[in-house]
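To start, the structure itself, in structure tokens.
A short reminder: the numbers here are calculations on the coordinates, not readings from a lab. Computed from a predicted model, the values in this text were never measured in an experiment. Note that each Cβ is placed from the backbone with ideal geometry, even for glycine, and that neighbours are counted across all protein chains shown.
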């Protein structure tokens, strides 16, 4: 197990290095200039000389190899550079927002798991019944309805029935847990519904597949209690693909709530992504992509380790 | 000399000031009610806090409340001016010397006394920005040849040439007065820090989220009525207003938003406006495009836009004004009269007949069925709505425009690099003064923001002549001559000025809407009727 874990951990570093190089190069071919956006997008009288001066000041006139070298030298020290828009360190920009995105992702995951596990299991166990059809309609609906649209409906619902929305601005869970929950429950519901539908569908398929395996039939033939057959022999094996889906969805939520965060005016990294793209803030954008990639890589690592824990065959493989 | 003096006085009277004599200090009444927190939304994020160094309205909405300027505007009688830091001021007969007497006892938020040295240091920073400091409007102060500070409370600006715009320039919301002490320590200090003499002090800034302020007790006027303000970064206006998350947004609402907000909140919200908004949207035709080298083709594009009928419909769906306009804000002192404008190419009343003439001109020029690309900024209001209207108008004239929409970053690059045949463009101003409103339309090598990229020395001469002309009537005549020439040449096709309508919580009192979203953002005089 230790050898397996070490091998997986060592793979993380070349992956992240490749991502860093790729992101730097790809972003440099994207059209757009932050200085022009900063100084001329809202109009105003700005001479070319002023624009050049600003480019020089921000280091954008440096040769590409120098910019790349500076960027790569900074990475091991956690220095992601400075946002070209706010001129604050990228790590500070991301750091002040990632906690909120992380919290929202956790809350959405909890909601999704709480909804998906009973729905997925019941749907599989009562396959072909009315209950199964109802659950399938609910879950297909969850996959079909975009989260941000559901979010807009939830906002309209709150305005219509309560006459108000949660206060703007991030309230820390440690300072005021109730207000924090009041702020995040709506976006968590809008994201969690889709998330739970994906997980429930995956769990249903996995359980159905596992329940048709020979060893389940053998267990039943041996007279093992049905509940024990399902929980011990069925569910444990059905969890493997489900855990993968939960892990990938969780990692996706960390940087992927681009529209949902905008709809709910949440100051997370999804909204920061939008802002950095609109402004062509390359330093911030590459910092964000790298951060999200790191999250993906580590969540994948955790999923792999969980896999090994759930299925001994995996850890014994060379 | 008498004629010159008369001209100077008339010019200043038009601007609402009394030249060569003492003016008055801020004439706002004190607060009917004190207290409460004004919560507002801003749809953009400030790139920095330095008012000298950028054009962003977000900086104005968040930061302007922390600073003072030498002069400001009397918002109820705009564009009349009144003193802010200046208790009084005077202009010499030749228009070359401006003398300001500053309020005594004014202190920066950190307790440092404000003196004439701070004014000098601030204006010198704008004129000659040190390394690492941006100053996009320094050209507007190019005529200042020297700044003298005979004592702590007197500042004298010497000009190298008469400049009719200069007095209003001292009321520019961008020309904030910084502390010399801060600038001496670090010229870049205002980029990331705030220390002004304005009505509210910065309490906390949460990047991407909120800008929180508190009342400055030692403010040199008595109209900072609130306990503080909180500005939140928002994505849209309607939902935060309806959900009680914000009380105001200061840029402007689109018609659909207004309807939603009014229907949802009824008497709890006031729609303020429509008010002329000094941002002109226009189409720039690329002077390098072969077809557009022919004046008849450019004029045909101009004539096909039936502004008299089309703008009325456009104003119902986006925040454009329904009044046809040339290059200066309709109704402002230097604008052409509607009758005069109706004689200009593209503004004549019979739209159908103009279209027929335009088609004949295209045929004559050999460009029947003209194909060209139109570069659009992929933003719904007002860009998409205006584009759809113009596409339809040009198609009615048998042309084949192809609209290419891009997000801001790409759009700006295309516009700046000239990668278009026609592009949407805009000219925002903070004062209806020809030196500001017409600067964009002179030769490209003079302005830097003329995306048609033409060179026309006749326009440059007219511009410089109006700038140095202190007689109002003569200046207006020169300004109109320049405007008519630009419209007739038709490298520039004005579409519309904007119509500004704000949705404000009915508890907000004491606010007067200004003709630009970058004006009147210090929240002075605002009080809450709670």
> Counting only Cα, what are the radius of gyration and maximum Cα-Cα distance Dmax of region B:65-125, in Å?
Replying inline: 12.9, 39
> Quick one: B:225, B:31, fewest Cβ neighbours within 10 Å first, how do they rank?
Replying inline: B:31, B:225
>> Relative to 2.2 N^0.38 Å, what does the C-alpha radius of gyration of region A:131-260 come to as a ratio? Two decimals please.
In response: 1.39
>> Please check: in the Gaussian network model of chain A (C-alpha springs, under 10 Å), which one of A:212, A:147, A:190 has the largest mean-square fluctuation.
In response: A:212
> When averaged across all projection directions, what area in nm² does the alpha-carbon convex hull of region A:274-313 cover?
Replying inline: 3.2 nm²
>> Taking the beta-carbon count within 10 Å as an exposure proxy, list B:339, A:209 from fewest neighbours to most.
In response: B:339, A:209
>> I'd like to know how region A:43-150 sits against the 2.2 N^0.38 Å rule of thumb: what's its Cα Rg over that expected value?
In response: 1.92
> What angle do you read, to the nearest 10 degrees and between 0 and 90, between the alpha-carbon axis of helix B:408-417 and the longest principal axis of chain B?
Replying inline: 70 degrees
> Can you give the mean number of other chain Cβ atoms that lie within 10 Å of the Cβ atoms in peptide B:229-236?
Replying inline: 4
> Any idea what angle helix B:307-317 forms with the longest principal axis of chain B, computed on alpha-carbon atoms, 0 to 90 degrees, nearest 10?
Replying inline: 60 degrees
> To the nearest µm²/s, what D does Stokes-Einstein give for region A:108-193 at 20 °C and 1.002 mPa s, using the Kirkwood radius over alpha carbon pairs as Rh?
Replying inline: 146 µm²/s
>> Restricting to Cα atoms and excluding each atom paired with itself, what does the Kirkwood estimate give for region B:176-296 in Å?
In response: 18.9 Å
>> Taking the square root of 5 times each eigenvalue of the Cα gyration tensor, what semi-axes in Å does the equivalent ellipsoid of region B:328-399 have, largest first?
In response: 25, 21, 10
> So in the protein assembly as shown, what percent of DSSP beta bridges are antiparallel if you round to the nearest 5?
Replying inline: 75 percent
> If you look at just the Cα atoms of region A:16-90, how large are its Rg and its Dmax in Å?
Replying inline: 13.9, 43
> When only alpha-carbon atoms count, how far does the protein assembly as shown stretch along each of its three principal axes, as whole angstroms with the largest first?
Replying inline: 118, 71, 60
>> To test your reading of the geometry: what angle, between 0 and 90 degrees and rounded to tens, separates the Cα axis of helix B:385-396 from the longest principal axis of chain B?
In response: 20 degrees
>> As a footprinting exposure proxy, order A:302, A:137, B:424 by other Cβ within 10 Å, with the fewest listed first.
In response: A:137, A:302, B:424
>> As a test, work out the antiparallel percent of DSSP beta bridges whose residues both lie in chain B, rounded to the nearest 5.
In response: 75 percent
> Using the alpha-carbon centroid of each, what span in Å lies between region B:191-237 and region B:54-113?
Replying inline: 18 Å
>> Just to confirm my numbers, what's the Cα centroid distance between region A:189-240 and region B:486-530 in Å?
In response: 62 Å
>> Could you give me D for region A:93-315, from Stokes-Einstein at 37 °C and 0.692 mPa s, where the hydrodynamic radius is the Kirkwood radius over C-alpha pairs? Units µm² s⁻¹, please.
In response: 171 µm²/s
> Which whole-number percentage describes the relative contact order of region A:16-90, with Cα contacts under 8 Å and a sequence gap of 6 or more?
Replying inline: 20 percent
> For chain B, with equal point scatterers placed on the C-alpha atoms only and solvent neglected, what are the log10 I(q)/I(0) values from the Debye formula at q = 0.11 1/Å, to two decimals?
Replying inline: -1.01
> With the calculation restricted to Cα positions, what are the radius of gyration and Dmax of region B:102-169 in angstrom?
Replying inline: 13.2, 38
> For region B:123-209, what is the Kirkwood estimate of the hydrodynamic radius, computed as the reciprocal of the mean inverse distance between distinct Cα atoms, to one decimal in Å?
Replying inline: 14.9 Å
